[in-house]
Amino acid sequence: MIEQVGFFILAALALVSAILVITRRNAVHSAIWLMVTLASVSGLYLMMHAEFLFAVQVILYVGGIMVLFLFVIMLVNLDVAVQQSRFERHWALAIAASVLVAAEFGFALYQGYHGHGLALAPSGSAPLTEGNTQAVGTALYQTYMLPVEIASILLLVAMVGAVIMAKKNVE
Amino acid sequence: MIPPEYYVYLAAGLFTVGVIGVLTRRNVIVILMSVELILNAVNINLVAFSQWFQSVNGQVFAIFVITDAAAEAAIGLGLMIALFRNKETVNADEIDLLKW
């Protein structure tokens, strides 16, 4: 019961702040509401017993990526953008496309709910007995060792690319 | 335990809000924020099914998605700074170098 109340509060917070992210005129306000969304999603991770992901979400998203966003918002001036229209010219067409996406989601979810329902957990999988962080670490460094290496190379490439794009052209 | 359908509905809602943001906003930085919303919706799904199937694989995939989000934010914001230096704008309407 208390779990359900917590879920609905966090879900409503995430959805309302997500809508505020895309409607605020000032980009700084959008960034702050995005922080609220990310924090409520991290609360949902905690409810789903994904404690490691909760920590990663708070440290990496709320602490890292959002600070990056705020830095860039401060670097590019906002005064012009704040006075202009928030939405682009073809917003009606865009809303129509989004309604189409939402309708597809609704149809797929309706079909899935009334058609098959969710399969139960496979009988072979034992419930997790070890700690969540231990389980994630074991999976990352044993089963998913090659993907971890690829992800690290991706991060290296992204870092070098960001530096090259942001630096001044020196002849 | 919350049934996984609830998480799927919430993720579908967040994804749709993100799509609306990407399609309608003019400010490129807010468009990048909407992409982050979309990636978070995907992560909610992955973690919800990870809990439902009592398997840690979904959470590992969510970590890879977060890695991608970090790389995308770094590259996107680097692009934004380069663009602002050259064109003095962050409006998606005015960035039309590849249009003819």
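None of the figures in this text is laboratory data; all of them are computed from the coordinates on show. Note that this is a predicted model, so its numbers are computed, not measured. Please note: Cβ atoms are built from the backbone with ideal geometry, for glycine as well, and neighbour counts cover all protein chains shown.
I want to check the label-to-label distance for A:Ile2 and B:Met1. Put each point 7 Å from Cα in the C-beta direction and report it in nm to one decimal.
Inter-label distance under the simple model: 2.0 nm.
Given 4 °C and 1.567 mPa s, compute D for the stretch B:4-87 with the Stokes-Einstein relation, Rh being the Kirkwood radius over Cα pairs; round to the nearest whole µm²/s.
Approximately 94 µm²/s, per Stokes-Einstein.
From Cα pairs below 8 angstrom and at least 6 apart in sequence, can you work out the relative contact order of chain A, rounded to a whole percent?
Reported relative contact order: 17 percent.
What is the Cα centroid distance between the stretch A:41-79 and the stretch B:26-100, reported in whole angstrom?
Their Cα centres are 12 Å away from one another.
With r as the distance between the Cβ atoms of B:Ala92 and A:Ala103 and R0 = 35 Å, compute the FRET efficiency 1/(1 + (r/R0)^6) and round to 0.05.
0.90
Please arrange B:Thr67, A:Thr143, A:Thr37 by counting, for each residue, the other beta carbons lying within 10 Å of its beta carbon, fewest first.
A:Thr143, B:Thr67, A:Thr37
What are the equivalent ellipsoid semi-axes of the stretch A:1-117, built from the alpha-carbon gyration tensor (square roots of five times its eigenvalues), in whole angstrom, biggest first?
Whole-Å semi-axes of the equivalent ellipsoid: 29, 24, 11.
Determine, for A:Tyr110, B:Tyr7, the number of other Cβ atoms within 10 Å of each Cβ, and report the residues in order from fewest to most.
By the 10 Å Cβ count, ascending: A:Tyr110, B:Tyr7.
Take the Cα radius of gyration of the protein assembly as shown and divide it by 2.2 N^0.38 Å, with N its residue count; two decimals is plenty.
Its radius of gyration relative to the 2.2 N^0.38 Å reference: 1.07.
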